[in-house]
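Structure first, commentary second.
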Amino acid sequence: MKFQKTLSIFFITLAFSNLAFTSPAYARIKLVTLPDRENTMVRLDNPQATLVEEERILNLHKGINKVDFSWKAVHVDSDSIRLKIIQHPKDTRLINVSYPPNSQSLVWDIYSPEARQEKIRISYLLANIDRLVSYEAITDKEETKLDISSYMILRNFSGESLGPARFQLDYGEGFEKSINDGESKRMLFYQANQVKISKSFTFDAGKHPWEPNKQQTNVGIPIHYVLENNKNNQLGKHALWGGKMRIYQNDGHDGSIFLGEDKPAYTPINQKMKLYVGDSRDVVVTQRKTHHERKNIKRNRNNQIILHDKVETMQVTIENFKEGSDHQYH
């Protein structure tokens, strides 16, 4: 498989004669292109950089073998490049790493006691692979449960084409995909059904008018679905990444209604996620101050009040004009 602008590895074998260690002459230098990747794992846990681990099979000759690894036009962190011997780690050894001048490449010197195949793993950090997490959720008609689907949007501007490779976030099942340089893909990677939710209406006295009937327009009360990220609620295996969530409702007639969208924050295990789904005009909250006084007044030498406790009595009336509702009000 050939990739444009991809990482390239060349295999140089130094086949020494019996006199090689006493004479500067050796048989020849042979340049061989390595086979394609056997396996590739792409870890997307860190949004700042992507960890790529690839396995290849080297055909080693007895003695010192030189492997050239280059990344021209590919956004590789050169300090992060690592090589690990997998098959014969005790006697096949990496003995030297050199960096040619003015070149995006390095050369590994690998010693093998005999001619044989050797599996190696090369790992490096790759920049400019963007991953976004988004959600779609549909609630039942009664608004008591959610079916949640999580999608990953993968955008590859790294300079390297990857594939076929196994992509893995820190939760959900890994998936096999190929993605070319400059390509974007959207993939379903996690689902949770029958997630229990509660519906809450939140009145903020610092933001909402106390007497909405005196306003020229209707005052809406924010509505949220609240779910808990725990094992008793079909979740709780991992934290939930923040991302845009579009929320729909089953209309009871084999169709759905779009309720709205929100961008919930990163939600750890055993924490609550709140999803804003719009404002309600069916709930009216009226607040009035019925009593106010100062207590425990402290004065300075000039008889000026410098400290006091304020005692207020508030009357709050909540009116629900929607029939058959049973919700939480805050």
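The values are calculated or read from the model by the stated rules, or taken from the named source; none is laboratory data. In this text the structure is predicted, and so the values were computed from the model without any measurement. Every residue, glycine as well, gets a Cβ built from its backbone with ideal geometry; the counts of neighbours run over all protein chains shown.
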Scope the range 135-152; condition of a type outside the set (Asp, Glu) and under 18 Å from Val226 (Cα atoms); matching residues: Tyr135, Ala137, Ile138, Thr139, Lys141, Thr144, Lys145, Leu146, Ile148, Ser149, Ser150
Looking at (1) farther than 30 Å from His224 by Cα; (2) touching a residue at least 40 places away in the same chain (Cβ under 8 Å); (3) among the hydroxyl-bearing types (Ser, Thr, Tyr), can you tell me which one Ser98 breaks? (2)
Those residues that are surrounded by 13 or more Cβ atoms within 10 Å (Cβ to Cβ) and in contact with a Pro (Cβ under 8 Å, 6 or more places away or on another chain), I need them from the range 71-93; list them, please. Thr92
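Yes or no, residue by residue, for (1) under 21 Å from Asp181 (Cβ atoms); (2) more than 34 Å from the chain's Cα centre (by Cα):
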residue	(1), (2)
Gly63	no, yes
Lys66	no, yes
Ser70	yes, no
Asp79	no, no
Leu83	no, no
Lys90	no, yes
Gln104	yes, no
Looking only at the range 240-260, decide whether some residue is polar (S, T, N, Q) and touching a helix residue (DSSP H, G or I) at 6+ places or on another chain (Cβ under 9 Å). no
When you scan the range 266-287, how many residues do you find that are β-branched (Val, Ile, Thr), touching a Gly at 6+ places or on another chain (Cβ under 7 Å) and either part of a strand (DSSP E or B) or more than 30 Å from Ile148 (Cβ to Cβ) (or both)? 1
Tell me which of these Val219 doesn't satisfy, since it passes every other one: (1) in contact with a helix residue (DSSP H, G or I) (Cβ under 8 Å, 6 or more places away or on another chain); (2) not in a loop (DSSP other than H, G, I, E, B). (2)
Hits in the range 150-202 (condition: crowded, with 17+ Cβ neighbours inside 10 Å and among the hydrophobic types (A, V, I, L, M, F, W, C)): Met152, Leu154, Leu162, Ala165, Phe167, Leu169, Ile179, Phe189, Ala192, Val195, Ile197, Phe201
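Across the range 180-204, what is the total count of residues that are in a strand (DSSP E or B) and without any contact (Cβ under 8 Å) to a residue 24 or more places away in the chain? It would help to see each step written out before you state the result.
Within the range 180-204, the first condition is being in a strand (DSSP E or B), and the residues that meet it are 184-196, 198-201.
Checking which are without any contact (Cβ under 8 Å) to a residue 24 or more places away in the chain leaves us with none.
Count: 0.
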So which residues in the range 102-151 are free of Cβ contacts under 8 Å to residues at least 24 places away in the same chain and in the same structural domain as Ile81 (by TED's automatic domain parsing)? Asn102
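Please determine, by comparing only the residues of the range 226-277 that are of a type in the set (Phe, Trp, Tyr) and loosely packed, with under 13 Cβ neighbours inside 10 Å, which one is nearest to Glu136 (Cα to Cα).
Of all residues in the range 226-277, those of a type in the set (Phe, Trp, Tyr) come to 241, 248, 258, 266, 276.
Next, only the ones that are loosely packed, with under 13 Cβ neighbours inside 10 Å stay: 258, 266.
Details: Phe258: 11, Tyr266: 16 Å.
Only one residue fits best here, namely Phe258.
Considering only the range 288-295, I want to know if a residue exists there that is part of a strand (DSSP E or B), in contact with a strand residue (DSSP E or B) (Cβ under 9 Å, 6 or more places away or on another chain), in contact (Cβ under 8 Å) with a residue 24 or more places away in the chain and surrounded by fewer than 10 Cβ atoms within 10 Å (Cβ to Cβ).
Taking the range 288-295 first, the residues part of a strand (DSSP E or B) are 288-295.
Among the residues that remain, those that are also in contact with a strand residue (DSSP E or B) (Cβ under 9 Å, 6 or more places away or on another chain) are: 288-295.
If we keep only those that are in contact (Cβ under 8 Å) with a residue 24 or more places away in the chain too, we end up with 288-290.
Now drop any that are not surrounded by fewer than 10 Cβ atoms within 10 Å (Cβ to Cβ), which leaves 290.
Yes: the range 288-295 contains one or more residues that are part of a strand (DSSP E or B), in contact with a strand residue (DSSP E or B) (Cβ under 9 Å, 6 or more places away or on another chain), in contact (Cβ under 8 Å) with a residue 24 or more places away in the chain and surrounded by fewer than 10 Cβ atoms within 10 Å (Cβ to Cβ).
State the number of residues belonging to the range 296-318 that are assigned to a strand (DSSP E or B) and either within 29 Å of Thr139 (Cβ to Cβ) or not charged (D, E, K, R) (or both). Can you show your working first?
So in the range 296-318, the residues assigned to a strand (DSSP E or B) come out as 296-299, 305-318.
With the extra rule that they be either within 29 Å of Thr139 (Cβ to Cβ) or not charged (D, E, K, R) (or both), the set shrinks to 296-297, 305-308, 311, 313-318.
Residues meeting the conditions: 13.
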